[in-house]
Amino acid sequence: MARSELLVRSPFRRWQKRGSAWVWLNALAVALCLLMMFGLLGTLVVRGTAHFWPAPVMVATYQNEQGQTETLSGVKTDEEAVSRDILAAAGVPLPVGQADQPLHRWLIKVGNRELQDGDFRWVLAEQLDHIRYPAQLWTIERRNWGTFYGTPVSLSQYGKSVRRFDNAHTEVFWQQFQERLMRARALYDRAQTLQQQELGSLNTALEANRLEQRRLKLKGDLSVALEDSLGRERDRLQQRYQQGQQQLESLYQQSQSDALLVTTADGRLVSLPLSEMLRVSRTNAMTLTEKWQDMGARMWDFVSGQPREGTSEGGVFPAIVGTVILVLLMTVIVTPLGVMTAVYLHEYAGRGWLTRMLRIAVHNLAGVPSIVYGVFGLGFFVYFLGGKLDQLFFPEALPSPTFGTPGLLWASLTLALLTLPVVIVATEEGLARIPRSLREGSLALGATRWETLWRVTLPMATPAMMTGIMLAVARAAGEVAPLMLVGVVKLAPSLPVDSHFPYVHLEQQFMHLGFQIYDMALQSPNVEAARPLVYATALLLVLVIGVLNLAAVALRHHLRERYRILEW
């Protein structure tokens with residue numbers, strides 16, 4: 001029998017000729033992609049949610065590098081094995097032991113920032129002794145200076161002790177402390193509401209009064225009567241503002257009247273105002289149910305709270321709002337532009353060289369680096385268009401720019417330009433899949449070309465449009481480089497949406513989840529504190545993109561079912 005016949009009859013050769021090899025290779029590629037995707041999501045879930053679990057707080061004695069014995073308290077957050085040679089080369093005193101065995105270093109979150117050199121500290125586990133987890137140790141999260149670990153001593157009001165802590169009546173002390181803490185929080189919240197809403201509205205009114213007077217003066221319409229009227233209005237607003245400031249100072253003084261005296265692990269006494277406390281927990285005395293409840297409350301605070309300590313602590317609510325509004329504005333801008341361009345190229349443009357060049361240009365734009373779009377947006381949208389708008393509509397505010405500075409509108413336009421090729425290509429492919437017979441049948445029944453396009457062609461191409469929009473949303477929500485030039489900031493003083501007209505302030509700068517991840521990972525001064533928040537914020541960004549895409553998928557499915565009859 002010839003060799004060629006043997007090869008043809010061999011099982012491997014027949015399996016290869018049937019195409020089974022490619023099927024298995026494709027299945028292997030899909031399995032690897034799914035494995036990597038679930039591995040990424042699993043890493044984000046585990047590392048992101050572990051930050052919110054109330055870990056036990058330990059107290060131990062430690063032999064430091066100077067040979068002194070000190071007492072420290074904190075939470076173990078990481079562990080690594082290090083060889084003795086590396087530690088010896090770094091000048092770290094080593095404990096006596098087996099020379100061939102590596103040592104273990106623990107990363108301890110010691111907190112008490114005003115008393116320590118930092119929030120975190122690496123210690124050798126072999127030099128820790130008398131490790132214990134006292135139930136009386138409290139974990140206090142504060143608005144400033146981070147977390148504090150200490151044992152309560154007494155409650156005080158205006159510097160006078162009103163209740164001392166004793167082990168026999170811990171629950172009574174805890175209940176009285178919670179009552180005073182709620183009172184201090186209520187006073188602090190009232191002060192914040194007064195400052196942000198009432199005083200903020202007065203500030204806006206004073207600025208509007210100043211700009212109106214300057215506008216009338218520039219136009220030459222500022223009469224003596226108008227100037228007097230504006231002056232009286234300004235005096236009335238300033239008087240109300242001063243009254244609000246006095247009320248604000250009174251509220252802050254009342255909120256700071258109560259304090260908690262605590263002692264640290266090394267015996268130092270510290271007085272902590274109750275108004276600065278965000279969350280107080282007896283972590284070592286919690287049951288499993290209480291820990292799950294505390295974890296849920298911490299996660300909610302992370303989603304709904306404001307950033308603190310340079311985004312290394314606190315929540316990401318402003319970044320969520322900025323990301324969602326940016327994506328929605330981008331979608332509103334890019335959808336009609338992309339659909340109209342695709343309709344023109346496929347339905348109206350000829351098949352000449354100009355159309356081919358336009359399609360080549362659209363495909364090439366999809367490969368341009370995003371930072372190039374950011375540079376274009378900064379030069380054209382911000383400096384050129386924004387500067388012209390300020391000269392035409394806001395001359396009274398110059399030289400302070402209104403739209404001639406990076407903001408939400410220019411960031412949305414830049415991302416719309418960035419994602420425009422995706423929407424164009426997806427819509428045009430959807431139009432190309434519609435049978436020509438449907439168009440001809442509509443025209444034969446007497447419909448015009450426009451009616452055929454509006455009632456037959458576009459409804460059937462809607463699922464393809466939604467696919468392009470989903471791809472655009474996914475890309476826009478994760479972009480960071482162009483936003484750094486056209487509107488995103490590390491900390492925004494206010495949200496771009498509020499109760500003041502026009503309610504959505506397109507000229508304001510904003511926060512973004514993608515930029516916050518970059519800032520916490522690479523620019524944070526407290527890297528160890530920000531590291532778990534990087535995973536949590538990345539997981540939140542994935543969830544936001546998933547929710548937006550699920551909404552688009554649901555809408556696409558609804559439209560597909562609605563216009564399915566047109567395919568019959």
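Given the criteria modelled with pLDDT of 85 or more and loosely packed, with under 15 Cβ neighbours inside 10 Å, does Y133 qualify? Reasoning before the result, please.
Values: modelled with pLDDT of 85 or more: yes; loosely packed, with under 15 Cβ neighbours inside 10 Å: yes.
Here the answer is yes, as Y133 does meet what is asked.
Looking at (1) surrounded by fewer than 14 Cβ atoms within 10 Å (Cβ to Cβ); (2) over 33 Å from the mean Cα position of the chain (by Cα); (3) charged (D, E, K, R), can you tell me which one E207 breaks?
Condition (2) is where E207 drops out.
Checking A90 against (1) surrounded by fewer than 18 Cβ atoms within 10 Å (Cβ to Cβ); (2) in contact with a Phe, Trp or Tyr (Cβ under 8 Å, 6 or more places away or on another chain): exactly one of these is not met. Which one?
(2)
Report yes if some residue within the range 23-43 is surrounded by 14 or more Cβ atoms within 10 Å (Cβ to Cβ) and either touching a Gly at 6+ places or on another chain (Cβ under 7 Å) or β-branched (V, I, T) (or both); otherwise report no.
No: zero hits.
Is it the case that L418 is assigned by TED's automatic domain parsing to the domain that holds L345 and in a helix (DSSP H, G or I)?
Yes, satisfied.
Take residues that are in contact with an Asp or Glu (Cβ under 9 Å, 6 or more places away or on another chain), in the same structural domain as H500 (by TED's automatic domain parsing) and among the charged types (D, E, K, R) and tell me which of the strands (runs of 3 or more DSSP E) falling wholly in the range 174-291 contain 3 or more.
Here the list is empty.
Name the residues in the range 141-189 that are charged (D, E, K, R), more than 12 Å from D258 (Cβ to Cβ) and surrounded by fewer than 16 Cβ atoms within 10 Å (Cβ to Cβ), would you?
Within the range 141-189, R164, D166, E171, D189 qualify.
Take residues that are at pLDDT 90 or above and tell me which of the helices (runs of 4 or more DSSP H) falling wholly in the range 449-568 contain 3 or more. Working first, answer last.
Numbers: elements: 449-452, 458-478, 483-486, 513-518, 527-562.
Correct list: 483-486, 513-518, 527-562.
Quick one: which of R475, R439 is over 24 Å from P307 (Cβ atoms), within 16 Å of the chain's Cα centre (by Cα) and surrounded by fewer than 21 Cβ atoms within 10 Å (Cβ to Cβ)?
Unique residue meeting the criteria: R475.
Could you tell me whether Q293 is under 23 Å from A411 (Cα atoms) and of a type in the set (S, T, N, Q)? Let's see the steps before the verdict.
Details: under 23 Å from A411 (Cα atoms): no; of a type in the set (S, T, N, Q): yes.
Taking the combined requirement at face value, the residue does not satisfy it.
Among the residues of the range 34-41, is any part of a helix (DSSP H, G or I), in contact (Cβ under 8 Å) with a residue 40 or more places away in the chain and of a type outside the set (K, R)?
yes
W122 fails exactly one of the following numbered conditions: (1) closer than 21 Å to L272 by Cβ; (2) without any contact (Cβ under 8 Å) to a residue 24 or more places away in the chain; (3) under 38 Å from the mean Cα position of the chain (by Cα); (4) exposed (fewer than 15 other Cβ atoms within 10 Å of the Cβ). What is the number of that condition?
All conditions are met except number (1).
For the range 305-358, how many residues meet the condition of being within 30 Å of E141 (Cα to Cα) and polar (S, T, N, Q)? Give the derivation first.
From the range 305-358, those within 30 Å of E141 (Cα to Cα) are 305-324; that's our starting set.
After this cut, where a residue has to be polar (S, T, N, Q) as well, the list is 306, 311-312, 323.
Number of matching residues: 4.
Sort out which residues of the range 65-117 are assigned to a loop (DSSP other than H, G, I, E, B), without any contact (Cβ under 8 Å) to a residue 12 or more places away in the chain and either within 23 Å of R132 (Cα to Cα) or acidic (D, E) (or both), and write them in order of number.
If the condition is that a residue be assigned to a loop (DSSP other than H, G, I, E, B), without any contact (Cβ under 8 Å) to a residue 12 or more places away in the chain and either within 23 Å of R132 (Cα to Cα) or acidic (D, E) (or both), then Q68, D100, Q116, D117 are the ones that fit.
Out of the range 496-535, which residues are under 30 Å from V110 (Cβ atoms), hydrophobic (A, V, I, L, M, F, W, C) and surrounded by fewer than 18 Cβ atoms within 10 Å (Cβ to Cβ)?
If the condition is that a residue be under 30 Å from V110 (Cβ atoms), hydrophobic (A, V, I, L, M, F, W, C) and surrounded by fewer than 18 Cβ atoms within 10 Å (Cβ to Cβ), then A521, L522, V527 are the ones that fit.
Conditions tested, residue by residue: (1) modelled with pLDDT of 90 or more; (2) among the hydrophobic types (A, V, I, L, M, F, W, C).
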| site | (1), (2) |
| --- | --- |
| D235 | yes, no |
| Q238 | yes, no |
| V262 | yes, yes |
| S281 | yes, no |
| T289 | yes, no |
| D294 | yes, no |
| R298 | yes, no |
| R308 | no, no |
| E313 | no, no |
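Scanning for something outside any helix (DSSP H, G or I), in contact (Cβ under 8 Å) with a residue 40 or more places away in the chain and on the phi < 0 side of the Ramachandran plot, does the range 350-360 turn up at least one residue? Break it down into steps so the answer makes sense when it comes.
To start, the set of residues in the range 350-360 that are outside any helix (DSSP H, G or I) comprises 350-352.
Next cut, in contact (Cβ under 8 Å) with a residue 40 or more places away in the chain only: none.
No - not one qualifying residue is present in the range 350-360.
Scan the range 125-146 residue by residue and report those that are in a strand (DSSP E or B), within 29 Å of G67 (Cβ to Cβ) and touching a Ser or Thr at 6+ places or on another chain (Cβ under 8 Å). Write out each step before concluding.
Looking only at the range 125-146, we keep the residues that are in a strand (DSSP E or B), and these are 128-132, 138-142.
Narrowing further to those that are within 29 Å of G67 (Cβ to Cβ): 128-132.
Selection gives L128, D129, H130.
Out of all the residues in the range 115-136, which are more than 30 Å from I86 (Cβ to Cβ), of a type outside the set (S, T, Y) and touching a helix residue (DSSP H, G or I) at 6+ places or on another chain (Cβ under 6 Å)?
Once the filter is applied, which keeps residues that are more than 30 Å from I86 (Cβ to Cβ), of a type outside the set (S, T, Y) and touching a helix residue (DSSP H, G or I) at 6+ places or on another chain (Cβ under 6 Å), the range 115-136 yields only A135.
Have a look at G377, G387, G441 and point out the one that is touching a residue at least 60 places away in the same chain (Cβ under 8 Å), on the phi < 0 side of the Ramachandran plot and in a helix (DSSP H, G or I).
Of the residues listed, the single one that is touching a residue at least 60 places away in the same chain (Cβ under 8 Å), on the phi < 0 side of the Ramachandran plot and in a helix (DSSP H, G or I) is G377.
Taking R232, is it in contact with a Leu (Cβ under 8 Å, 6 or more places away or on another chain) and of a type outside the set (S, T, N, Q)?
No.
The values are calculated or read from the model by the stated rules, or taken from the named source; none is laboratory data. Every value quoted in this text rests on a predicted model; they were computed, and no experiment measured them. Positions of Cβ are backbone-derived with ideal geometry, glycine not excepted, and every protein chain shown enters the neighbour counts.
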